[in-house]
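*Asks:* Handing you this structure, nothing more for now.
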Amino acid sequence: MKLLKESERGRGGWYFLSIVIILYGIVWLLCADAVLPSMMFSLSIVVNIIPVFVMVFAIMALANYYITPKSVARYMSKTAGIKRWIIAIIGGIISTGPIYMWYPMLKQLKAKGLSYGFIATFLYNRAIKTPLIPMIIFYFGLKFTVILTVVIVIMSVIQGMIFERLEGGGLV
């Protein structure tokens, strides 16, 4: 992936950070005892999330090292059988972030031979959000959540198969 130059990234984040620091400085001068609890609270949050950031960074680094478009294309080839459908389903479920960030990788995989059927299956399964499952269970119950998840998975495979047929017939 091409990294953006400093001029292309923008400096909005640095401006925001500078403004926050200046505001903290002004409040510190006006009312020092109000700033200290806020800074201690912020520091405690940072200390609590550092292990999570380290773990996420390690997982992302390992994923970037081991999971390449070439390796995914190998596991998603026609010879992989049912394994390729399972990979598309699980990949869609565990994928995170905005969907438009996945488009460039999916385009690379398509260029390496991945069918539209598996791209559709992957995208369809992004509707299953594992962090939100406890909330869905809370509001709608376990039975509804299980049925909804199973229906999404089954329909994603059916949709993927339809795309494969359309692609094979030259319609896609």
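*Asks:* Check region 117-134 and report whether any residue there is over 18 Å from residue 89 (Cα atoms) and part of a helix (DSSP H, G or I).
*Replies:* yes
*Asks:* If you don't mind, another one. Within the set of pairs 6 or more residues apart or between chains, which connect a residue that is among the β-branched types (Val, Ile, Thr) inside region 93-110 to a residue that is in a helix (DSSP H, G or I) and surrounded by 15 or more Cβ atoms within 10 Å (Cβ to Cβ) with Cβ atoms less than 6 Å apart?
*Replies:* Taking only residues 6 or more apart or on different chains, the pairs are 93/125.
*Asks:* Then there is this: Name the single residue that is modelled with the highest pLDDT among those in region 1-54 being under 34 Å from the mean Cα position of the chain (by Cα) and of a type in the set (Gly, Ala, Ser).
*Replies:* Across region 1-54, the extreme among qualifying residues is 18.
*Asks:* Please determine, by comparing only the residues of region 122-133 that are free of Cβ contacts under 8 Å to residues at least 24 places away in the same chain and touching a helix residue (DSSP H, G or I) at 6+ places or on another chain (Cβ under 9 Å), which one is nearest to residue 104 (Cα to Cα).
*Replies:* 129
*Asks:* Could you please find all residues in region 105-117 being within 17 Å of the chain's Cα centre (by Cα) and modelled with pLDDT of 85 or more?
*Replies:* 106, 107
*Asks:* Of all residues in region 91-102, count the ones that are surrounded by 14 or more Cβ atoms within 10 Å (Cβ to Cβ) and either part of a helix (DSSP H, G or I) or touching a Ser or Thr at 6+ places or on another chain (Cβ under 7 Å) (or both).
*Replies:* So the count comes out to 4.
The values are calculated or read from the model by the stated rules, or taken from the named source; none is laboratory data. Remember, it's a predicted structure, so these values are computed and weren't measured experimentally. Cβ coordinates were reconstructed from backbone atoms using ideal geometry, including for glycine residues, and neighbour counts include every protein chain displayed.
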